[in-house]
Amino acid sequence: MLTISPISAFDDNYIWMFHAPDSRDVFVVDPGDPTPVEEALKHYKLSLAGILITHHHVDHTGGINVLTKGRNIPVYGPDNENIAGITHTVRDNDTIELSGCQFRIMTTPGHTLDHIAYFTESGESGNPALFCGDTLFVGGCGRLFEGTAEQMFQSLSRLAELPGNTAIYCAHEYTQANLQFAQAVEPHNQMLQKQIQQVRAFRAENLPTVPSTIEQELATNPFLRSNQPEVIQAASNRDSSSNASPVDVLRVIRAWKDNF
C-alpha cells in the first residue's frame with residue numbers, strides 16, 4: 001500500500017510523490033520542475049529514493065538533473081536516448097519494485113511515441129493505481145503530438161481494461177476544460193453533469209480533481225466512449241467523413257478538442 005500526494009508545478013502540472021506509509025523514502029513521477037519537489041522533501045522531512053518518467057516532454061523531465069545531483073538514485077523511464085538522466089530503461093510488461101509494491105510497465109503511445117505508464121495493484125487504501133502521464137486525463141486524453149489516433153485508441157483501450165477502482169494519477173489539472181468539451185460531445189450524459197458540478201466545487205476551493213478512476217472515466221470520458229451512440233453521432237455531425245469506427249470517432253473528437 002502507498003501514500004500518494006500531488007506536488008503542484010508550473011501552471012497546471014502535477015508531480016506525483018509516493019511512499020510506503022512507514023517509510024520516509026519517496027519516489028516522484030515526472031518532475032518537470034525540481035524546486036517544488038525539493039521544497040516538499042524539506043517540508044515533510046522526506047528522502048528522495050528515485051524518479052519515474054512517463055515520456056520525454058520537458059515539463060515531465062526538466063528536474064531530473066537537479067534532483068539527481070548529489071543523490072545516487074535510480075531514474076526509470078522509456079527507451080528514449082533523448083531523455084538525459086535515465087538510469088533504468090523500462091519496456092512493456094517489465095515489472096519493478098518500489099516502496100514495497102510491484103509496478104507493471106505499460107506502453108501507451110499516442111501523445112508521444114515513447115509514452116509509458118506505471119500500474120500497481122497496491123496503491124492508496126489498497127486500491128490499484130496508475131501513473132499515466134499525459135495519455136489519459138480526467139475527462140480527456142493527450143494531444144496526438146507524435147502518435148496516431150489508432151495508437152491512442154489502442155493505448156486507451158488497454159488502460160480501460162484495468163480494474164474499475166484503479167485510481168488515475170494523470171499529470172495535469174485539465175479537468176474543467178475537458179469536461180466542458182465532454183459536455184459538448186455528450187450533452188445528455190447524466191453522470192457527466194453530476195461530475196461537472198462536483199469538479200466546479202473542488203476547483204472553487206482550489207482542490208485537485210485528480211485522481212479519478214477507470215470506472216468514472218468509462219462513464220464520462222468521451223475518448224473512452226468512442227463506441228457510444230451519442231459520441232458517434234457527435235463525431236459524424238462534426239465531420240461527415242467519419243466512418244463511425246471507434247478509431248475514427250476518436251480521431252474526429254480529438255481534432256475537435258484541439259480547437260475547442
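Mind counting the residues in the stretch 28-60 that are closer than 16 Å to Ile73 by Cβ and touching a residue at least 24 places away in the same chain (Cβ under 8 Å)? Of the residues in the stretch 28-60, 15 are closer than 16 Å to Ile73 by Cβ and touching a residue at least 24 places away in the same chain (Cβ under 8 Å). Do we have Thr220 as closer than 17 Å to Thr175 by Cα, of a type in the set (Val, Ile, Thr), out of contact with any Phe, Trp or Tyr (no Cβ under 8 Å at 6 or more places or on another chain) and touching a residue at least 40 places away in the same chain (Cβ under 8 Å) here? Judged against the criteria, Thr220 is a match.
So that you can scan it fast, the table gives a plain yes or no per residue for (1) buried (at least 18 other Cβ atoms within 10 Å of the Cβ); (2) out of contact with any helix residue (DSSP H, G or I) (no Cβ under 6 Å at 6 or more places or on another chain); (3) charged (D, E, K, R):
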position: Ala201; (1), (2), (3): no, yes, no
position: Glu205; (1), (2), (3): no, yes, yes
position: Thr213; (1), (2), (3): yes, yes, no
position: Thr220; (1), (2), (3): yes, no, no
position: Arg225; (1), (2), (3): yes, no, yes
position: Ile232; (1), (2), (3): yes, no, no
position: Ala244; (1), (2), (3): no, no, no
position: Ala255; (1), (2), (3): no, yes, no
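Taking into account only those residues within the stretch 73-117 that are closer than 24 Å to Ala149 by Cβ and in a strand (DSSP E or B), which is nearest to the chain's Cα centre (by Cα)? That would be Ala117. Within the stretch 157-184, residues that are surrounded by 15 or more Cβ atoms within 10 Å (Cβ to Cβ) sit with their Cβ atoms under 7 Å from residues that are part of a helix (DSSP H, G or I) and at pLDDT below 95, at 6+ positions apart or across chains, in these pairs: Ala167/Glu124. Restricting attention to the stretch 12-22, the residues that are touching a Leu at 6+ places or on another chain (Cβ under 9 Å), in contact (Cβ under 8 Å) with a residue 40 or more places away in the chain and assigned to a loop (DSSP other than H, G, I, E, B) total 1.
The values are calculated or read from the model by the stated rules, or taken from the named source; none is laboratory data. The structure presented is a predicted model; accordingly, all values stated were derived computationally and were not measured. Because the Cβ atoms are built from the backbone with ideal geometry, glycine has one as well, and the counts that use them run over all protein chains shown.
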